[in-house]
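Beneath this line is the structure, given in structure tokens, with notes to follow.
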Amino acid sequence: VQLQASGGGLVQAGGSLRLSCAASGQAFSNYDMGWFRQTPGKEREFVAVITWRSTRYYADSVKGRFAISRGNSKKTVYLQMSDLNAEDTAVYHCAAAYYSSGYKYSEESRYRYWGRGTQVTVSS
């Protein structure tokens, strides 16, 4: 599975962005798809995941502001981000885990495939 994230950019505080992650390969519908983010000097942190059954989980810091969705026919996962603030500034990475993988949804170790990140910068 290869992943390509896009949609990042510069946005003012309070604004919105939608990130996309396009996957190649087969059996996309059997994968849990996650978003993580990382800022310089910090560990990569979990943002959201949508499971192969379309169950959604979010980090507390983004709950109510971000929404994850997927389009299996297009092999794409989306992250709609609203009410952005400076703390959301980061490189956002998408990741894929086969549905039967171990570890918690929020743990990096669960995800075998990672895409290059897309930069999101929120100006205050």
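The values are calculated or read from the model by the stated rules, or taken from the named source; none is laboratory data. Because the structure is predicted, anything quoted here is derived from the model rather than measured. Positions of Cβ are backbone-derived with ideal geometry, glycine not excepted, and every protein chain shown enters the neighbour counts. Heads up: the accessible areas ignore ligands, DNA and RNA and are worked out on the full protein's heavy atoms, side chains in. Shrake-Rupley method; radii C 1.70, N 1.55, O 1.52, S 1.80 Å.
Scan the range 93-124 for residues that are open to solvent by less than 60 Å² (accessible area, probe 1.4 Å) and either without any contact (Cβ under 8 Å) to a residue 24 or more places away in the chain or over 18 Å from V1 (Cβ atoms) (or both) and jot them down.
Those that are open to solvent by less than 60 Å² (accessible area, probe 1.4 Å) and either without any contact (Cβ under 8 Å) to a residue 24 or more places away in the chain or over 18 Å from V1 (Cβ atoms) (or both): G102, S106, V120, T121, V122, S123.
Quick test for you: out of R56, R65, pick the one residue that is at pLDDT 95 or above and open to solvent by 50 Å² or more (accessible area, probe 1.4 Å).
R56
V47: under 17 Å from V122 (Cα atoms), buried (at least 16 other Cβ atoms within 10 Å of the Cβ) and in contact with a Phe, Trp or Tyr (Cβ under 6 Å, 6 or more places away or on another chain), yes or no?
Working: under 17 Å from V122 (Cα atoms): yes; buried (at least 16 other Cβ atoms within 10 Å of the Cβ): yes; in contact with a Phe, Trp or Tyr (Cβ under 6 Å, 6 or more places away or on another chain): yes.
Yes: the conditions hold for V47.
Got a number for residues in the range 54-69 being within 17 Å of G14 (Cβ to Cβ) and β-branched (V, I, T)?
Final tally of qualifying residues: 1.
Can you tell me which residues in the range 37-57 are without any contact (Cβ under 8 Å) to a residue 12 or more places away in the chain and under 18 Å from T89 (Cβ atoms)?
The answer is P40, G41, K42, E43.
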